[in-house]
1. Which of the residue pairs LYS106/LYS243; LYS177/LYS240; LYS177/LYS267; LYS152/LYS257 have a Cα-Cα distance greater than 29 Å in the structure shown?
2. What does the helix-only formula give at 222 nm for the chain: each DSSP H stretch with n ≥ 4 adding -39500 (n - 2.57), the total divided by the residues, and the result rounded to the nearest 500 deg cm²/dmol?
3. State the extension gain, in nm to one decimal, for the chain segment bounded by THR148 and THR42, taking 0.36 nm per residue of separation less the distance between their alpha-carbons.
4. Using Cβ contacts closer than 10 Å as the measure, can you line up SER174, SER235, SER135 from fewest to most?
5. Please give the contour-minus-distance gain from GLN184 to GLU25: 0.36 nm per residue of separation, less the Cα-Cα distance, rounded to one decimal in nm.
6. What do you get for chymotrypsin sites (Phe, Trp or Tyr not before Pro) in the stretch 106-199 restricted to DSSP loop and a cutoff of at most 11 other Cβ within 10 Å of the site's Cβ?
7. If r is the Cβ-Cβ distance from ARG117 to LEU205 and R0 is 25 Å, what FRET efficiency results, to the nearest 0.05?
8. Compute the relative contact order of the chain as a whole-number percentage, counting only Cα pairs closer than 8 Å that sit 6 or more residues apart in sequence.
Amino acid sequence: MCLKIVLFLLLILSSKIYPQQFQYERSIGIFKNATSFYINSTGVVFITDNITDEVYQLDTLGNLLNFIGGYGWEINAFDDPVDIFADPLRVFVTDKNNHRIQRFDKNLNFIFQFYSRESEIEEERFGYPLGAILSNLGDVYILDSENTRILKFDLFGNFIQKIGGYDYGSFSLSNPKQLAVSMQNEIYVIDGNYIYIYDNYGTGLNEIETPEEMLSIRIIFQWLTVNSEDSIYLSNLNSKEQKLIKINLTGFDEDIKIVSSLIFNSKLYVLTTNAILIFFPS
């Protein structure tokens, strides 16, 4: 019994450990101007590039598995793909200037698109989207920059509700950049110097003040990462404090412009415009 208690306490303590320093290991990928990336739970990496208007699929060793895209408005083409989200079965690409979200299967075969800009129903319209995420409940949340709000749809494109609009009081969005969803189906949105948190019904729950304006937010399992062009902050969502800890990167001497960042299998993956840099905790 005593051994079980000790193991339980170790598990609890380890879930609250915040690695604060990461050592450079290697880099993967060669891109023109990467805009976003994501790693699904099986370890497949997806990257968007807005110069080539392509989506790349890599393994964590950097081997190219597949790619699609090119400039255009047809299916499998993009005009400024600014964000990507992936789970083991699906990939969502935010096709900003085409005012749509393209949904693919895990092998990048086209399945469906979310497009409502010309809808007669004002509540479900979105334009110049900045991101799209899928919750564990099968809800799709789209960050609508044209109307400064989040829209919630089901997987088949049926509108459910709007979140964070002008009528949301202290939880109204003013300049949102990107959104993420937790394992508990809570939505995290970076907006100026704050991260706003909503539950899956759209109710505002909390806000986290950030040390500077952030550009990207990612949640993989319990780890939340946010970053500006110069700095990365980490938070363990299993901790009640949910405080942001600044990360120190070592072993990489070049100045880098950080596009996005995430924790996967204890390693820190940092997307720059030209490559993915991989760091391990030290």
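1. Violating the 29 Å limit, Cα to Cα: LYS106/LYS243; LYS152/LYS257.
2. -1500 deg cm²/dmol
3. 34.8 nm
4. Starting with the residue having the fewest Cβ neighbours, the order is SER174, SER135, SER235.
5. Taking GLN184 through GLU25 to full extension adds about 54.1 nm, to one decimal.
6. Those satisfying the criteria are PHE156, TYR166.
7. The calculated FRET efficiency here is 0.25.
8. That works out to 17 percent.
Only the coordinates and a few stated rules stand behind these numbers; no lab work does. Keep in mind the model is a prediction, meaning the values are calculated, not measured. Note that we place each Cβ from the backbone using ideal geometry, even for glycine, and neighbour counts take in every protein chain shown.
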